[in-house]
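What follows is a short report on a single structure.
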Amino acid sequence: MDVFGLIGTPVEHSLSPPMHEAAYEQLGMDARYVTFEPPANAAATAIESAETLGVSGLNVTIPFKQDALDAVVPDPLAERIGAVNTVGFTGGTVRGYNTDAVGAVRALREHDVSLDGTAVVVGAGGAGRAVAFGLADEGMAVRIANRTVERAHELAEAVPDATGHGLDDLTALCRDADVLVNCTSVGMEKDVSPVPAEALHADLAVLDAVYSPLDTRLLQDARKMEATTVDGAWMLLYQGVEAFERWTGATAPVDAMNEALRTRL
Ligand code: NAP
């Protein structure tokens, strides 16, 4: 039996186990996906132990994504983002990837969003970093707006063709933008949006990385303005699809994984 897993804290409500196990079931794989909560600062030990135990692949989530970078050979994208969310153990090397970037890019592409022009990324934390690099690598000009403006400037210096801003610039930035991605946690706890509703427009495609709730205030406001909307479960789905395909070399059964996710959201 192949064992895959997730390290993070907390992980008890993670949607990754049902999503990946739906894929194993669909493809008739003898595999399980299990969650682990290692102690703080134990990312490297946890990854080494997983390798020793013969685990086939690991996902990594908060608070271990940055520390995991030092415990793996990161691919160039994960290295630039500064965080690893997927670890593979094949071929005698422990390799690290960041599939959040691909998750956002694929979520947009699968909704026929064209990735040229200008993208506004709201947030400069882990998700913001991944999405900013992911969209820049697709050739988009990226405008990063963050509550702590210094973090936006710092990220913009690392991302090609990017500029950093405070949240007060959002209305002006959205006017000229083709894509908007919310990478803050705003909208999770309260029914609020990180972007003024009047900044949204019909020529904008809006992806909200927040997936709980699924239909956030931002997405509701965007729909009212007839913008294209993509919810955060699509990003979650495609980061998982990318991890599954890297680990197994098989084509992921996307519909089964999507159904497993959406029945739980
Ligand atoms: P993080 O590293 O902690 O970053 C949080 C970001 O939110 C920072 O930019 C922070 O700004 C901003 N923020 C927090 N509270 C705010 C507020 N009240 N007003 C304005 N900005 C605020 O977290 P993360 O890992 O990037 O995750 C961010 C969100 O993305 C979470 O909801 C997470 O669930 C979601 N996410 C989704 C996926 C997916 O696959 N769908 C993947 C990854 C993350 P400061 O820098 O000023 O603190």
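Surface analysis of the chain yields an accessible area of 45 Å² per residue, using protein heavy atoms and a 1.4 Å probe. You can think of it this way: the chain between residue 73 and residue 265 has 65.7 nm of extra reach, that is 0.36 nm per residue less the Cα-Cα gap.
In the chain, the longest principal axis of the Cα atoms and the axis of helix 16-27 are about 60 degrees apart.
Taking a point 7 Å out from the Cα of residue 188 in the direction of its Cβ, the residues of the range 1-43 whose backbone N falls within less than 11 Å of it are 10. Counting only heavy atoms of the protein chains and using a 1.4 Å probe, residue 65 has close to 40 Å² of accessible surface. Taking the C-alpha atoms only, the angle from helix 99-109 to the longest principal axis of the chain is near 50 degrees.
Extending 7 Å from Cα along the Cβ direction at residue 176 and again at residue 163 yields two label points whose distance is 0.5 nm.
Here the range 93-215 has 44 percent of its accessible surface on carbon and sulfur atoms, given a 1.4 Å probe and all protein chains in place. Please say if the range 101-230 is rounded, prolate or oblate, where rounded means a/c under 1.5 for a ≥ b ≥ c the square roots of the C-alpha gyration tensor eigenvalues, and otherwise the choice is prolate for a/b larger than b/c and oblate otherwise? Because its axes are fairly even, with a/c under 1.5, the range 101-230 counts as rounded. Residue order by solvent-accessible surface for 236, 167 is 167, 236, largest first, with ligands and nucleic acids left out and a 1.4 Å probe.
The values are calculated or read from the model by the stated rules, or taken from the named source; none is laboratory data. Owing to the predicted nature of the structure, the values given are computational and were not obtained by experimental measurement. Cβ sites come from the backbone with ideal geometry, for glycine too, and all protein chains shown count toward neighbours. Heads up: the accessible areas ignore ligands, DNA and RNA and are worked out on the full protein's heavy atoms, side chains in. Shrake-Rupley method; radii C 1.70, N 1.55, O 1.52, S 1.80 Å.
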